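Q: Sharing a structure, written as structure tokens. Questions coming.
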């Protein structure tokens, strides 16, 4: 066995493999305590830094950050137009490039050398499927020996899940450093797919950590003449108003999953009792949407889905524009998710 980048490998699994006669405890572990000195039978250059006192050794083997971020890359469509996309999970297992929206499927962390989603799935390098390999599209242009698909799998710590971020913005597969995370713009393998391909210094292999931009959120309903409305407020009440110059810009906080406006956050609150509503309406599952000081509570944490719905965590309630005035005309509240247009909120950065 040998120790490399904080992990134990079988001797001979890499070109630089060197055998060491390690004694317990595991020398690759990050520990503080009394240790037994290791006896080295074959020496080589190592990158492990050890600081010790007379009987205590502290070993640091990897860098971990719990920062939540989005990963953005780009490709020049013409001399004047550059397309920007963000790494996005698709159907719980695939990785694609999609418009940067700040949705849940675009939020990642980097821990223990693994690129993780918020539900603890890891970006994993796997062989392309047999069906894809047999596809003759672009077969003469691609080098299948220098490519691996990137998918989501349960985090197990395997070397196929370990990546390194380089200063130039490229993300390398640790077990095969010549492969970089690549947005397949034109479908060399699968159009819009994200995979590991030979590092080539092109823009679609350069990834920047970003946060969602502040944006106006708009919704609509087909039967309305003044169709498009934006998410706004009046005092503590959250409302929908016709889209125009007075529409405020909201921002997703990817660390807390809150939708922020200034110093206040969108908040799930008790719905006021409305005696004039019908019995059916009163019995609907619902909560009010208000603006409150940001406090990090569960009432201020939301899931922003790829379809544009803003859902409360742990409940089947979505942000809803009361276009018909079932409760309060043009009020915004949380009602049972129904995929209707007045529950779809799209960010408009330039509004």
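Q: Translational diffusion coefficient of segment 65-210 at 20 °C, 1.002 mPa s, Stokes-Einstein with Kirkwood Rh over Cα pairs, in µm²/s as a whole number.
A: 140 µm²/s
Q: Taking the number of other C-beta atoms within 10 Å as the exposure measure, put 149, 330, 316 in order starting with the fewest.
A: The order, fewest Cβ neighbours first, is 316, 330, 149.
Q: Averaging over all projection directions, find the projected area of the Cα convex hull of segment 216-348 and quote it in nm² with one decimal place.
A: 8.0 nm²
Q: Over the Cα atoms of segment 293-351, Rg to Rh with Kirkwood Rh, two decimal places?
A: 0.99
No lab work stands behind these numbers, since they all come straight from the coordinates. Computed from a predicted model, the values in this text were never measured in an experiment. Positions of Cβ are generated from backbone atoms using ideal geometry, with glycine treated the same way; all protein chains shown enter the neighbour counts.
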